[in-house]
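Beneath this line is the structure, given in structure tokens, with notes to follow.
The values are calculated or read from the model by the stated rules, or taken from the named source; none is laboratory data. All values reported here derive from a predicted model rather than from experimental measurement. Because the Cβ atoms are built from the backbone with ideal geometry, glycine has one as well, and the counts that use them run over all protein chains shown. Keep in mind that these areas ignore ligands, DNA and RNA; they rest on the heavy atoms of the full protein, side chains included. Shrake-Rupley method; radii C 1.70, N 1.55, O 1.52, S 1.80 Å.
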Amino acid sequence: MIFAVLLPVIAFFLVWIFIADRMSSEDSDGFRWQESLIQAALFWSVFVVLSTEGLSLIRALTPLGISLLWVFALVVLGILHWQFASFSKGWLFIKHNVFSRPENVFGHIALGVSILTLAVLLITGYLSPPNVHDEMTYHMSRIMHWRQNQSVMFFPTSITWQLWMPPFNEFVQLHWQLLSGGDYFAWLPQWYHLVLTMVTVGAIAGRMGARKTGQWIASLFVLTLPIIVLQASGAKNDIAVAFFFSVLAYYVVKASQQRLKLIDQVSTGMAVGLGILTKGNFPFFALPLLVWLLVVMLRRAGWKPSLTFAGVGLALVLLINSGHWFRNTATFGGPFNTGYADFTLNARFGPDVVFSNMSKNIAVQLRSFGFVNRGVEEALARMHAGLNIPLFDPDTTQGPREFYSMPTREEVAGNPLHFGLSGLAFLALLIFTLIKKDRDTVWSPLYLGLAALAGMMVFSGVFRWQVWGSRYFIPYYVVFAPLVGYVFGRRFPAWSSWMLGLSLIFIMTNPLLNNFPRSFSWSVESRNSIWRRSRKALRFANHHVYEGGILSITHVMDVSGCRTYGMAVGMNAPEYLLWSTLTPGPEDYVLKHIEVDNHSVIHQTEDFDPCGIIVFEARQHPEKALQAPYEFFDHWQFDPDWGHPLALYLQPAFFPEISE
């Protein structure tokens, strides 16, 4: 298992070394090793997408199929290295540039803090399973259906998020799950994309003129962002999309300084395509950057090269996304359709909607101490009342109509220090434009900041405000990280960099050690400590009320001998709790949704004849379960107000004899 898990890692490093060898002979602009790493990550990611789609067509998404795929990739890469004699030279290039000692004391300390923090996140991720609600509902559950079907083709489900949500991060998780035999590495995509994002924002800061200290500040700004610290050991996708967004920002800044080569254009197109395939907020934050890129290309290269660039980018976006878009169109009628009125979009649009949602999104970022929260809420209430706008307009609000935050929960954590620093950096840039000697060097950072603010405005104008929406604005911070590095690492006095670094480290400590669903702390106050609770127990960290019922039903499923089940599941049920607690393991069962009442019903087959039926948070028990040969076996009641959210029907031949 260990060797199989290492196959994609070895392949990535071979790609990186090959690209580094190609770059080692080019004229240096100081960022060749960063670009080689970025491009290696992009090509590796595109290979994951295309290989997943290809194996899916022949239903070969199996442990053997994935293992052979990566062995084949290693053979091809080995031949390339032998043919071009690139390994030795590429490795020396990486060794010389990446593993060289930092230039100053600040760099040494920043490197030490980064390594220690990443190590804590790595250990936390490995010792804890996925347990956040979204992960249990669709991120991880869709992987189990793919694994069962040996294909990523759509399937009948009551939770349509499992189908139409962009799937890139789950493609990567699927590979590691098939290679490892479980969800031990579900956290890995978030973790390594954090490392890649840190490198990229540091390179952006450097390209804009920040010194080494400023580049380290940019990386620390991302590493210490509370919402990123909380997510980096989990199985979501927000940090993955942050990396692709940071790559787009990097090449936009590079394009403003020099003409992009073909490989730069290809890298930009891959970043956009992968970003779209990762998360739905990417296009809205990327739009201002793409407009800036178009203007820069037209000014530097003219309309013909610009059209060629656009064509290359569009072709790559289509190549990367065509499989998912085709499946979505076949099921829901369009590449971006969801099968129902999208409740995440605003019901109306206008300047008042932009102002209202953006001000509330800012308020979410500022959530911290009680008196600060009260002051922000009172200010918002007065502003909305003055403009005669409802504070929580049902047309522009999704979910609870209140402000709620908890600094150690990734769903609702704020980022007050980092947001304040972004505002300070932007204000400083505006002031620098008034200083004649600084004017020529400050425009690029200023435009980047304006693009981040414009992305925030576009997103706020299109999507409803959500109390748990803090993570959607990680791209905003990714753009402002190099700006903070530029301001503190080039413009402000040296002591300010030390003060900032210490402040960032301090603010990171609580979410790093006390992450609610998977705490690194040993303290008895940490209910979900990874050191004091088993991996199985941690699965229920956010769903402890389900624990007894889920473990009971999976025990009955095991001893009954029945291995084929139909599922009637509510559209927001944490389905993965069932999959992840099956005994001996999920590969020994067949679980399929039945009697679905949405567009995915076209994938339902009439010949599915399970020996048992599970009801989990469904609005009603399925008709099939109420007919012969099925009989009611038992139910598990979590709360008197919920009725019977978990129930099991079995054919009589599979009724187990369970001793009390």
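Within a straight-line Cα-Cα reach of under 27 Å, LYS624 can be paired with the following lysines, leaving aside sequence neighbours fewer than 8 residues apart in one chain: LYS592. Among the protein heavy atoms of the stretch 568-613, carbon and sulfur supply 50% of the accessible surface, probe 1.4 Å, non-protein parts ignored. For the stretch 63-156, the gyration tensor built on C-alpha atoms gives an oblate shape. Its axis ratio a/c (a ≥ b ≥ c) is at least 1.5, and a/b is not larger than b/c. For the stretch 500-580, GluC sites (Glu not before Pro) are listed when DSSP marks them as loop and at most 10 other Cβ atoms sit within 10 Å of their Cβ; the list is GLU525. Helix 303-332 and the longest principal axis of the C-alpha atoms of the chain enclose an angle of approximately 10°. The distance separating the Cα centre of the stretch 273-309 from that of the stretch 1-33 comes to 26 Å. Net charge around ALA110, counting only other residues with Cβ within less than 14 Å of its Cβ (Lys, Arg = +1; Asp, Glu = -1)? Neighbour charge sum, excluding ALA110 itself: +2.
Estimated at the nearest 10 Å², the accessible area of ASP395 is 60 Å² with a 1.4 Å probe. For the stretch 548-643, the list of trypsin sites (Lys or Arg not before Pro) that fall in a loop by DSSP and count at most 14 other C-beta atoms within 10 angstrom reads ARG619.
The peptide list 98-111, 272-285, put in order of mean Cβ contacts within 10 Å with the highest first, becomes 272-285, 98-111.
Nonpolar atom fraction for the stretch 262-306, defined as the carbon and sulfur part of the 1.4 Å probe accessible area, stands at 73 percent. Between the Cα long axis of helix 238-255 and the first principal axis of the chain there is an angle of about 30°, rounded to the nearest 10. Once you sort the root eigenvalues of the Cα gyration tensor of the stretch 442-491 as a ≥ b ≥ c, which label holds: rounded (a/c under 1.5), prolate (a/b larger than b/c) or oblate (the other case)? Oblate is the answer for the stretch 442-491, as a/c is 1.5 or above yet b/c matches or exceeds a/b. The Cβ shell under 10 Å around ILE159 holds other residues with a net charge of 0, Lys and Arg each +1, Asp and Glu each -1. Taking a ≥ b ≥ c as the square roots of the eigenvalues of the Cα gyration tensor, the chain is prolate, since a/c reaches 1.5 or more and a/b is larger than b/c.
Between the stretch 601-624 and the stretch 429-489, the C-alpha centres lie 49 angstrom from each other. The spacing between the stretch 37-112 and the stretch 330-400, judged by their C-alpha centroids, is 41 Å.
Per residue, the chain exposes an accessible area of 41 Å² to a 1.4 Å probe, with every protein chain left in place. Packing, taken as the mean count of other beta carbons within 10 Å per residue, orders the peptides 651-657, 190-196 from highest to lowest as 190-196, 651-657. Counting only residues at least eight positions apart within a chain, or on another chain, the aspartates and glutamates with an alpha carbon under 18 Å from that of LYS254 are GLU26, ASP27, ASP29, GLU35, ASP264, ASP440. Computed over neighbours whose Cβ is under 12 Å from that of ASN542, the net charge equals -1, Lys and Arg +1, Asp and Glu -1. May I ask for the angle, rounded to the nearest 10°, between helix 474-486 and the longest principal axis of the chain, with both axes built from Cα atoms and the value confined to 0 to 90°? The angle comes out near 20 degrees. Accessible surface ranking for ILE79, ILE228, 1.4 angstrom probe, highest first: ILE79, ILE228. For the stretch 214-353, the relative contact order works out to 21 percent when only alpha carbon pairs closer than 8 Å and six or more residues apart are counted.
Of the cross-linked pairs LYS236/LYS360; LYS89/LYS304; LYS360/LYS437; LYS304/LYS437, those separated by over 32 Å at the C-alpha level are LYS89/LYS304; LYS360/LYS437; LYS304/LYS437.
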